[in-house]
Amino acid sequence: MTFVRAVWLITRKDLLIEARSKEILLTTLFFSVSCVLVFAFGFVREGRAVENAAAGILWIAIAFSGTLALGRAFERERQSETLRALMIAPIPRPALYLGKLLGIVLLLAAVEAIVVPLVSLMFQAPLFAYPWLTVGLLATGTIGFAAVGTMFAAMLVRARSRDVLLPVLLYPITIPVIIAGVRGTAALLQAEVDLPMARLWLSMLVFFDVVFVTLALWTFEPVMTE
Amino acid sequence: MNKLFVPLAVVAAAMFVYAPFMILAAPYESTMGLVQKIFYFHAPIGMTMFMSAFVCGIGSAIFLFTRRPGADRVAVAAAELTAILGIIVLVTGPLWARKAWGVWWEWDARLTSSLVLWLIFEAYLLLRRYGGPGSDRLAAGVAIFGMANVPFVYWSVNVWRTMHPKTSVVPTLLPGMRGPFWFCFLAFTIFYVLTLHLRTRLEKRRAELEAVYLATEE
């Protein structure tokens, strides 16, 4: 079986389960909408959002709901030991990682497809004035967050207190993603749009993705081997 | 290292006794005055902390790919030291900042990246402590990710905002200030190596004790 095919089969399995149960998609989606709502109560004064709050709210919602989705996606693999079955399967371990990563990224993309327009509407944020840059920031940011998250969630499957350890490990490591996402998006939303700044953050996110996906592919096998 | 331990400990102790006199004799900084003296401890500890983080990351990488238990012991010792040095840096920093900038905390590159680094190593220790069996390998993965993360955090916070005296402050120090600074840095480095050695040895003894317990049970 080729590498690419193994990756696709893992992703397809996750998407199929999700398409049938919609468990993670719906819970994550409603969680992120509630998140936006909670932040709205914190950052809306006299009917208008505090300046530049939209970018922060959007990225915090993505990070929080991403953590939830990662936890659930691997909790599902823990029940009836299906992760062990995947590890026994005659496929390269990095393919397993990439397959899970792709599944999480697609899931989060589906959530973002709802949450981003919602934030744009509710906070009068012109998120689609520069659609390519916005999509680029969201895509690279989500991949970076999910690249670290998939690695940590996978290795925590066997650990005790995994629910609380996942965010504890994940947030400090993904701080560059959050900063780049928030600042890059804010550069597009401010009164004087700062395109070079947004591009700078976008290139930093691309760099982050490359480094951390490579690192995860490299360390996945020794970390996951019992 | 075992033979060098006592002489080095004596040297480090002597250096720490002499350091306050040297710092006292150093010239006063023109704008900050007396409070600037905290720099002679704060900056070397900060540098030792970043060094310790890299020791932990490299130890973890060696452990992960060769499964040498010795590398893991060095990594856990370095992680604990990073956490302790981090607390010292994060306490002395705001003390200085309160006097120099008028605020306890500023979201500047150096401060924020120290805080993030400290959080990563606290997370590492939490994982080792509460992660259950096999958490040594998982923690090694975290340490490698954490080490790779340092330049990203530093760069991103740096672009985000900056206020801390630049790294270039060290070469531009007055000649009278440079001496005590490097003296303290050397003292802390020796102290760091000694503590790292002690802590690693403790971990080794612990593993040996564990092995003896297992052997007697059988």
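All of the numbers you see were taken from the coordinates with simple rules; none came from a lab. Just so we're clear, the structure is a prediction, and the values are computed from it rather than from any experiment. Note that each Cβ is placed from the backbone with ideal geometry, even for glycine, and that neighbours are counted across all protein chains shown.
What to note about this one:
- Peptide ranges B:130-138, B:106-114, A:188-196 listed from the most packed, as the mean C-beta count within 10 angstrom indicates: B:106-114, B:130-138, A:188-196
- Considering only B:96, B:134, B:11, and ranking their Cα positions along the charge dipole of the protein assembly as shown that arises from unit charges at the beta-carbon of Lys, Arg, Asp and Glu, the one farthest toward the positive end is B:11.
- Residue-averaged beta-carbon neighbours from other chains (10 angstrom radius) around B:113-121: 3
- Residue B:99-residue A:193 pseudo-label distance in nm [points 7 Å out on the Cα-to-Cβ vector]: 4.9
- About the centre of its Cα atoms, the protein assembly as shown shows a dipole size close to 500 debye [charges on the beta carbon of Lys, Arg (+1) and Asp, Glu (-1) only; nearest 20 debye].
- In chain B, Cα pairs under 8 Å separated by at least six residues give a relative contact order of 31 percent.
- When you restrict to C-alpha pairs under 8 Å that are six or more residues apart and normalise by the size of region B:89-142, the relative contact order lands at 22 percent.
- Listed residue (A:129, A:104, A:148) projecting farthest to the positive dipole end of the protein assembly as shown, Cβ model: A:148
- Nearest-20 debye value, chain A charge dipole, Cβ charges on Lys, Arg, Asp, Glu: 520
- Residue by residue along B:123-133, Cβ atoms of other protein chains within 10 Å of the local Cβ number 5 on average.
- Loop-located trypsin sites (Lys or Arg not before Pro) in region A:13-73 (DSSP state not H, G, I, E or B) with no more than 14 neighbouring Cβ atoms inside 10 Å: A:22.
- Charge dipole (Cα centre; +1 on Lys/Arg Cβ, -1 on Asp/Glu Cβ; no other charges) of region B:32-157 amounts to roughly 180 debye.
- When Rg and the Kirkwood radius Rh are both evaluated on Cα atoms of chain A, their ratio Rg/Rh stands at 0.99.
- Separation between Cα centres of region A:82-141 and region A:170-226, rounded to whole Å: 13
- Neighbourhood net charge (13 Å Cβ-Cβ; Lys/Arg +1, Asp/Glu -1) for residue B:198: +4
- Label-point gap, in nm, between residue B:91 and residue A:12 - each point 7 angstrom along Cα→Cβ: 5.9
- A straight Cα-to-Cα reach below 20 Å connects residue A:22 with the lysines A:13, A:100, residues fewer than 8 places away in its own chain not being considered.
- The GluC sites (Glu not before Pro) found in region A:1-48 that occupy coil by DSSP, while having at most 10 further C-beta atoms within 10 Å, are A:46.
- Entry note, chain A: the mean residue ellipticity at 222 nm calculated from DSSP H runs of n ≥ 4, each adding -39500 (n - 2.57), is -29000 deg cm²/dmol after division by the residues and rounding to the nearest 500.
- Between residue A:30 and residue A:161, the modelled label-to-label distance comes to 3.0 nm, taking each label 7 Å out from Cα in the direction of the beta carbon.
- Least to most buried among A:178, A:57 (fewest other Cβ within 10 Å first): A:178, A:57
- Our Cα-only numbers for chain B put the radius of gyration and Dmax at 19.4, 70 Å.
- Hydrodynamic estimate: the Kirkwood radius of the protein assembly as shown over Cα pairs, inserted into Stokes-Einstein at 4 °C and 1.567 mPa s, corresponds to D of 54 µm²/s.
- Average other protein chain Cβ within 10 Å of Cβ, residues A:207-220: 3
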